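The values are calculated or read from the model by the stated rules, or taken from the named source; none is laboratory data. Note that the structure is predicted; figures quoted are calculated from it, not measured. Reconstructed Cβ throughout: ideal geometry from the backbone, glycine too, with neighbour counts over all protein chains shown. Accessible surface is based on the protein model in full, side chains and every heavy atom, while ligands, DNA and RNA are left aside. Shrake-Rupley method; radii C 1.70, N 1.55, O 1.52, S 1.80 Å.
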Amino acid sequence: MGDSIAIDQYLALRHVAFKSGRHGLPHFETWMANRYGDERRVEVVAHSFYLLPRLVVGTARIATMHTRLAKQLAGSLPIRLVRPTSISLGSSKYCNGTSIATWIPGSMWLRDVIIEGARALPPLEN
């Protein structure tokens, strides 16, 4: 495998996937299930994105995760970053809250702080 991976290669590999116990499947997992069904061979499920690369070390498994976190962890773990050639969700930014909490002054302030912080981040590399 080179620096990129095609969808057929990607689906054929063994995967470590993220699933939140409280919030269900993240956007990527839902998108993959809707687009490709159960074609991916998920062998291990982690409840933290931080654990994903640790669960591929020393195995033939792969994990799909945020580029920024993957780059940070690649400096301290023996992992290699590979870019999928035909899997792209683009750059999505979400700020979610319940309708009740939306108008609470503290929630409004925190949401504004998060949004401003996200705007200050450099754009993701493609």
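Selection of first residues in the range 38-63 that are closer than 19 Å to Val82 by Cα and of second residues that are aromatic (Phe, Trp, Tyr) and loosely packed, with under 15 Cβ neighbours inside 10 Å, restricted to Cβ pairs under 7 Å at least 6 apart or on distinct chains, gives an empty result. Within this structure, Tyr50 fails the test of being modelled with pLDDT under 65 and of a type in the set (Phe, Trp, Tyr). Candidates in the range 83-110 are the residues that are within 21 Å of Arg68 (Cβ to Cβ) and modelled with pLDDT of 70 or more; of these, the one that is least open to solvent (accessible area, probe 1.4 Å) is Pro84. When residues in the range 64-82 are screened for being open to solvent by less than 60 Å² (accessible area, probe 1.4 Å), out of contact with any helix residue (DSSP H, G or I) (no Cβ under 7 Å at 6 or more places or on another chain) and in contact (Cβ under 8 Å) with a residue 40 or more places away in the chain, 1 of them pass. Going residue by residue through the range 15-23, is there one that turns out to be aliphatic (A, V, I, L, M), open to solvent by 40 Å² or more (accessible area, probe 1.4 Å), at pLDDT 85 or above and over 29 Å from Arg119 (Cβ atoms)? Checked the range 15-23: no residue is aliphatic (A, V, I, L, M), open to solvent by 40 Å² or more (accessible area, probe 1.4 Å), at pLDDT 85 or above and over 29 Å from Arg119 (Cβ atoms). Looking at Gly37, is it small (Gly, Ala, Ser), modelled with pLDDT under 80 and in contact with a helix residue (DSSP H, G or I) (Cβ under 9 Å, 6 or more places away or on another chain)? Taking the combined requirement at face value, the residue does not satisfy it.
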